[in-house]
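The values are calculated or read from the model by the stated rules, or taken from the named source; none is laboratory data. A quick note: this is a predicted structure, and the numbers were derived from the prediction, not measured. Cβ coordinates were reconstructed from backbone atoms using ideal geometry, including for glycine residues, and neighbour counts include every protein chain displayed.
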Amino acid sequence: MSEERNWAGNYSYRAQTIHRPGTVEQVQELVAGAAKIRALGSRHSFNDIADSAGALISLENLNPAISVDAAASSVTVNGGMKYGTLAAELQGQGFALHNLASLPHISVAGAIATATHGSGDRNGNLATAVSALEIVTASGEILTVSRSSTPDFAGMVVGLGALGIVTRVTLDIEPTFDVRQDVFENLPWSQVLENFDDVTSSAYSVSLFTDWRGDTVGQAWLKSRIADGEVPLRGRPEFFGGTPATEARHILPGVSADSCTQQLGVPGPWSDRLAHFRMAFTPSSGEELQSEYIVPRQHAVEAIEGMRALSDQISPLLQVAEIRTMAADDLWLSPNYQQAGIGLHLTWKQEQKAVEKLLPLIQGKLAPFAARPHWGKLFHAEAAALEPLYARLGDFQSLAERLDPKHKFRNDFLARNIFGA
Ligand SMILES: Cc1cc2nc3c(=O)[nH]c(=O)nc-3n(C[C@H](O)[C@H](O)[C@H](O)COP(=O)(O)OP(=O)(O)OC[C@H]3O[C@@H](n4cnc5c(N)ncnc54)[C@H](O)[C@@H]3O)c2cc1C
């Protein structure tokens with residue numbers, strides 16, 4: 001295999017082959033015959049989570065059929081389906097997902113496997129919308145599991161690719177809704193931190209962008225749901241001391257907003273507003289690394305203050321940071337397991353060695369708050385460090401042992417972070 005890399009280009013897969021089966025039966029045969037194999041999504045993770053010492057399976061050639069069950073308020077898709085494709089199709093049929101990540105380019109199975117999230121005090125991460133999975137397990141057999149009938153289902157959704165190849169995913173849907181997106185600039189930190197709960201509950205989804213330096217938050221992106229038939233009034237004149245942007249903004253100062261979703265309060269479908277970036281464009285900066293730590297909601301202000309105190313060390317390597325909020329859930333390996341949280345996200349320059357050197361300092365600062373790292377981004381940890389953060393880690397280990405007794409789906413990432421090398 002010629003060198004195959006992840007989206008960011010910072011990781012080369014060591015797997016010798018990437019299979020692209022056209023049918024689920026072929027997936028079953030490949031898995032049954034392999035000693036080491038794993039699923040590869042759209043490659044948007046920044047670490048070795050997707051890799052395998054043997055082969056990888058991409059589902060990009062599987063039947064892209066999207067099957068809506070209006071009566072059950074659900075949609076079933078191939079695990080390799082990208083959220084952007086699904087969102088456009090659902091919108092066309094009059095339905096919506098509850099939320100999207102910053103980018104629509106990621107695969108459904110890859111995103112839920114790492115508990116990928118958007119923002120919103122009352123929004124669970126994307127994995128919380130999963131009501132059923134079809135998984136090709138280590139023997140090559142198909143296991144169908146559901147929220148309503150499978151006892152360990154809550155352990156299977158955020159599966160880190162450790163339980164098998166997820167070939168079909170069923171997600172909760174709701175009637176379509178419109179959203180307006182407004183950006184405010186230069187919010188004084190003092191006002192944001194004094195009123196943190198009011199700030200994050202001001203819209204359906206709120207994101208704050210900062211470089212951690214100075215006295216102001218650079219931008220606040222507010223995505224507000226518009227009720228049926230409501231004619232949106234003009235936006236608010238100010239937001240906790242911030243002023244409305246007068247033109248569309250990119251999250252990075254000085255970068256064209258062409259790649260970003262519609263702003264300036266223009267109402268439109270959820271599918272074109274809930275992500276920050278548009279499907280047809282490169283998301284984010286395109287040349288970057290990312291890390292993110294999920295901190296329990298009650299420590300939000302202290303944790304933000306901690307990051308600001310490290311700004312001299314962080315800022316030279318940083319492109320931009322984003323603060324989001326997520327509702328609690330009951331998914332065993334979700335960073336929001338039984339706790340609402342804030343995500344402290346860092347988009348780094350592509351200086352991996354320097355970033356990796358800095359991560360222990362950041363993690364030390366956030367350790368008193370029991371911060372949980374995003375599984376798909378750069379972090380510094382090992383099983384011993386993560387174990388106390390995940391009450392159900394032992395149950396997940398047992399589940400993986402049961403479904404994958406010969407450790408076909410194990411890789412270095414899992415050895416380091418879940419099972420102990
Ligand atoms: C520009 C950019 C913006 C991002 N924005 C956000 C954001 O807003 N919020 C957020 O939370 N994260 C964000 N991320 C991180 C990203 O969402 C996660 O890393 C996500 O897991 C990537 O999904 P993927 O399809 O690329 O999966 P991959 O990175 O290819 O794989 C991730 C994991 O999923 C497993 N997997 C993939 N497919 C399957 C399958 N069919 N069956 C079983 N396991 C499978 C893999 O084995 C691996 O363990 C961003 C990343 C980038 C590059």
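The figures follow:
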| quantity | calculated |
| --- | --- |
| Some residue of segment 146-167 being touching a helix residue (DSSP H, G or I) at 6+ places or on another chain (Cβ under 8 Å), in a strand (DSSP E or B) and surrounded by fewer than 18 Cβ atoms within 10 Å (Cβ to Cβ) | yes |
| Which listed residue, of Arg180, Arg147, is farther than 20 Å from Leu62 by Cβ, of a type in the set (D, E, K, R) and free of Cβ contacts under 8 Å to residues at least 60 places away in the same chain | Arg147 |
| Some residue of segment 286-296 being away from the ligand (no atom under 15 Å from the Cβ), in a strand (DSSP E or B) and under 19 Å from the mean Cα position of the chain (by Cα) | yes |
| Members of segment 356-367 that are in contact (Cβ under 8 Å) with a residue 12 or more places away in the chain and either not acidic (Asp, Glu) or not assigned by TED's automatic domain parsing to the domain that holds Glu292 (or both) | Leu358, Leu359, Pro360, Leu361, Ile362, Gln363, Lys365, Leu366 |
| Subset of segment 232-251 [surrounded by fewer than 17 Cβ atoms within 10 Å (Cβ to Cβ) and of a type in the set (A, V, I, L, M)] | Leu233, Ala248 |
| Residue within segment 315-332 that is polar (S, T, N, Q), touching a residue at least 24 places away in the same chain (Cβ under 8 Å) and within 16 Å of the ligand (Cβ to nearest atom) present | yes |
| Residue satisfying all of: in segment 169-195; within 16 Å of the ligand (Cβ to nearest atom) and within 17 Å of Ser131 (Cα to Cα); surrounded by the most Cβ atoms within 10 Å (Cβ to Cβ) among these | Val169 |
| Unique match (being at pLDDT 95 or above and within 11 Å of the ligand (Cβ to nearest atom)) among Val130, Val166 | Val166 |
| Hits in segment 23-72 (condition: hydroxyl-bearing (Ser, Thr, Tyr) and more than 23 Å from the chain's Cα centre (by Cα)) | Thr23, Ser67 |
| Condition met for Asp312 (within 19 Å of Asn125 (Cβ to Cβ), among the acidic types (Asp, Glu) and at pLDDT 95 or above) | no |
| Those residues of segment 63-81 which are modelled with pLDDT of 95 or more and assigned to a loop (DSSP other than H, G, I, E, B), in sequence order | Ile66, Ala70, Ala71, Ala72, Ser73, Gly79, Gly80, Met81 |
| Some residue of segment 103-118 being more than 9 Å from the ligand (Cβ to nearest atom), among the polar types (S, T, N, Q) and closer than 24 Å to Gln339 by Cα | no |
| Leu358 at pLDDT 95 or above, touching a helix residue (DSSP H, G or I) at 6+ places or on another chain (Cβ under 7 Å), more than 12 Å from the ligand (Cβ to nearest atom) and part of a loop (DSSP other than H, G, I, E, B) | no |
| Residue in segment 45-62 that is surrounded by the most Cβ atoms within 10 Å (Cβ to Cβ), counting only those that are in a loop (DSSP other than H, G, I, E, B) and hydroxyl-bearing (Ser, Thr, Tyr) | Ser45 |
| Residues that are within 16 Å of the ligand (Cβ to nearest atom) and either on the phi > 0 side of the Ramachandran plot or among the hydroxyl-bearing types (Ser, Thr, Tyr) (or both), drawn from segment 230-277 | Ser259, Thr261, Ser271 |
| Options Arg324, Arg308; residue that is among the basic types (Lys, Arg) and in contact with a Phe, Trp or Tyr (Cβ under 8 Å, 6 or more places away or on another chain) | Arg308 |
| Pair list, Cβ < 9 Å and 6+ apart or interchain, from segment 27-54 residues that are near the ligand (Cβ under 10 Å from one of its atoms) to residues that are among the polar types (S, T, N, Q) and in a helix (DSSP H, G or I) | Ile49/Asn417 |
| Matching residues, segment 226-283, being within 15 Å of Tyr204 (Cβ to Cβ) and among the small types (Gly, Ala, Ser) | Ala227, Gly235, Gly265, Gly268, Ser271, Ala275 |
| Residue match in segment 16-25 (condition: crowded, with 20+ Cβ neighbours inside 10 Å and in contact (Cβ under 8 Å) with a residue 60 or more places away in the chain) | no |
